[in-house]
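Just below is one structure, and these are the notes that go with it.
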Amino acid sequence: MDKKMEAPTLKDPRCTNNIMGVELELDIEDRPKSRMELTYEREWDYELDQIVEAIKEKGAKTIGLQFPEGLKRRGPMIVNDLKEKLPEDVVVAISGQPCYGACDLDTHLLKRSDLFVHFGHSPMKTSEKIIYVPLYSNVEVLPIMKLALRELESPSSNPDVGLVTTTQHRNKFEEMKKFLEDEGYIVHTRRGDERLTYEGQVLGCNYASAEVDASQIMYVGGGKFHPLGLAMVHKEKRVVIADPVNNLVSIADADKFIKQRYASIHKAMSAKTWGIIYCTKIGQGRWELVEEIIEDNKNAYVITLDEITPDRLLNFKLDAFVNTGCPRISTDDGPRFKKPMLTPQEYWIATGRDPLESLAFDTFHGTW
Ligand code: SF4
């Protein structure tokens, strides 16, 4: 039997339902939610024709593919679909490295590839060798935005509203904006900084697009991951979540999160020895923060890591850690670590240089 006939591809009906999203879910918000009974079949456009065209144009022979965690399982099917369209001597390799953002390019595979395709995130840095395929979601955003209107102040009392979203819904951004304008709002949007590609885009580590002249922000996107960060960075703003993926409307509430951070800081206050983690991922290195700490503390040891997990730190027997890589590791995964895992800002509070009230969400700016 021809093995190729059996290999699943994305065109296979087995592969078109229940596509796993790339948004992370966090269950850390207790306010009542409004739910709409809507269901969408989520599909992604992998832009295979564009990839094949680029491969042929470059005469590329080795292709690297990188997927976010939630879509890795579809990698082999995409390889099969690509192979059908490519000459036999083209080798396609999938990165097995963990991947949570465009900050996380698999540099080893990138070096070995004539063309590298990064799926699911918008470009942080462009290169002729890299194609970014953002994977826009096909879900409709207007029904849940309509429901979310009741959480906004009315346009007659407060017409200004900020609008932000994630890469997956960026394709509907103009539609979202027009909807709010038609409802009578003045919609404020901006592109935050060079870590962000689009106007209105937010990342788990960067909310600069929400620095607009409005006291209320509508976040349109899946999950709590981004809006909670947004609520922590912009404590003065009311963040209304219109989640078209889970059909939920809620208000981002950072209080529980902030309490959790104070608890970690408190535990770390008695630490005598510290591990200061420098992340080796291409877009997560902040050496200047590491330096600042080790210059101040002779009991602080620099530890380099690509993937920061509880297991990898177990053998160090240090009292507390500071993570200078992806801020979400400290804030979202912090409770999974056996020892306190602080952000750099929190380190300075725990060691007494800065007051407790200076607690701020750790954001990441620039690229590399
Ligand atoms: S550093 Fe920013 S872009 Fe990278 S994984 Fe963390 S939140 Fe996402």
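The values are calculated or read from the model by the stated rules, or taken from the named source; none is laboratory data. All of these numbers come straight from a predicted model, not from anything done at the bench. FYI the Cβ positions are ideal-geometry reconstructions off the backbone, even for glycines, and counts take in every protein chain you see.
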Any pair with Cβ under 9 angstrom, 6 or more apart, that starts in segment 310-328 at a residue that is touching a residue at least 60 places away in the same chain (Cβ under 8 Å) and in the same structural domain as K281 (by TED's automatic domain parsing) and ends at one that is part of a loop (DSSP other than H, G, I, E, B) and hydroxyl-bearing (S, T, Y): C326/Y100; P327/T343; P327/T363; R328/Y100
Residues located in segment 293-312, provided they are polar (S, T, N, Q) and either under 27 Å from Q97 (Cβ atoms) or surrounded by fewer than 15 Cβ atoms within 10 Å (Cβ to Cβ) (or both): N299, T304, T309
Counting only residues in segment 313-325 that are in contact with a Ser or Thr (Cβ under 7 Å, 6 or more places away or on another chain) and farther than 27 Å from G366 by Cβ, the one surrounded by the most Cβ atoms within 10 Å (Cβ to Cβ) is identified as L318
When residues of segment 104-124 are filtered for being of a type outside the set (S, T, Y), within 16 Å of the ligand (Cβ to nearest atom) and within 16 Å of Q50 (Cβ to Cβ), how many remain? 4
Residue hits (segment 272-298; touching a residue at least 40 places away in the same chain (Cβ under 8 Å) and more than 16 Å from the ligand (Cβ to nearest atom)) are K272, T273, W274, G275, I276, E292, I293, D296, N297
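Does E88 qualify as being over 26 Å from S215 (Cβ atoms) and away from the ligand (no atom under 16 Å from the Cβ)?
On the way: over 26 Å from S215 (Cβ atoms): yes; away from the ligand (no atom under 16 Å from the Cβ): yes.
Yes.
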May I ask you to say which residue of E69, E84 is of a type in the set (D, E, K, R), within 27 Å of V245 (Cβ to Cβ) and either modelled with pLDDT of 95 or more or surrounded by fewer than 15 Cβ atoms within 10 Å (Cβ to Cβ) (or both)? E69
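Yes or no, residue by residue, for (1) within 16 Å of the ligand (Cβ to nearest atom); (2) surrounded by fewer than 17 Cβ atoms within 10 Å (Cβ to Cβ):
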site	(1), (2)
G162	no, no
Q168	yes, no
K172	no, no
K178	no, yes
T197	yes, no
C205	yes, no
S209	yes, no
Out of everything in segment 326-368 that is surrounded by 19 or more Cβ atoms within 10 Å (Cβ to Cβ), over 18 Å from V233 (Cβ atoms) and under 24 Å from the mean Cα position of the chain (by Cα), what residue ends up being farthest from the ligand (Cβ to nearest atom)? P340
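Take residues that are of a type in the set (F, W, Y) and modelled with pLDDT under 95 and tell me which of the helices (runs of 4 or more DSSP H) falling wholly in segment 217-333 contain 1 or more. Steps first, answer last, please.
On the way: elements: 225-233, 255-268, 287-296, 310-313, 327-333.
Here the list reads 225-233, 255-268.
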